[in-house]
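**Q** This is the structure I want to talk about, given as structure tokens.
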Amino acid sequence: MLVINPDECIDCGVCEPECPVEAIIPDTEEDTEKWVELNNKYAVNWPNITVRKDPLPEAEEFKDVADKLQYLSEEPGA
């Protein structure tokens with residue numbers, strides 16, 4: 001999972017069409033408070049991504065899985 005620091009986001013919208021699973025939504029939509037809080041929480045501790053990596057081997061099978069939040073670990077990935 002990728003998180004975006006809400007305090008550093010400039011609301012340009014460039015990331016939204018780049019997301020391969022359409023998981024990035026503007027914080028101006030309704031009911032986004034929990035996502036803003038989640039992004040704010042993890043953006044502080046997780047490292048910044050500076051290099052594009054290949055998708056994880058299971059990415060394709062997880063693409064359409066509902067309720068993926070249950071699998072979220074508080075530990076940042078490698």
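What follows draws every value from the coordinates through simple rules; no lab data is involved. Note that this is a predicted model, so its numbers are computed, not measured. Note that each Cβ is placed from the backbone with ideal geometry, even for glycine, and that neighbours are counted across all protein chains shown.
**Q** Could you pull out the GluC sites (Glu not before Pro) across the chain that fall in loop regions by DSSP (anything but H, G, I, E, B) with no more than 15 other Cβ atoms inside 10 Å?
**A** Answer by residue number: 8, 22, 29, 30, 58, 74.
**Q** Next question, about the same structure. Report ³J(HN,Hα) in whole Hz for each residue of the stretch 16-26, in order, from the Karplus equation J = 6.51 cos²θ - 1.76 cosθ + 1.60 where θ = phi - 60°; Gly and Pro get x.
**A** Per residue, the Karplus-derived 3J(HN,Hα) values read 4, x, 7, 5, x, 10, 6, 9, 9, 10, x Hz.
**Q** Another question, then. Only four residue types carry charge here, +1 at the Cβ of Lys and Arg and -1 at the Cβ of Asp and Glu. Report the dipole size of the chain about the Cα centre in Debye, rounded to the nearest 20.
**A** My answer is approximately 380 debye.
**Q** Any idea which of 46, 36, 65 is furthest toward the positive side of the dipole for the stretch 15-71, if Lys and Arg beta-carbons carry +1 and Asp and Glu beta-carbons -1?
**A** In the stretch 15-71, that residue is 46.
**Q** When the chain is fully extended, how far beyond the present Cα-Cα distance does residue 51 get from residue 10, taking 0.36 nm per residue of separation?
**A** So the chain would gain 12.7 nm between residue 51 and residue 10.
**Q** Just the number, please: Stokes-Einstein D of the stretch 1-64 in µm²/s, Kirkwood Rh from C-alpha pairs, 20 °C, 1.002 mPa s.
**A** This corresponds to a translational diffusion coefficient of 162 µm²/s.
**Q** Looking only at trypsin sites (Lys or Arg not before Pro) in DSSP loops with at most 10 other Cβ atoms within 10 Å, what is the longest site-free stretch of the chain?
**A** With trypsin sites (Lys or Arg not before Pro) excluded where exposed in loops, the chain gives 1-51 as its longest stretch.
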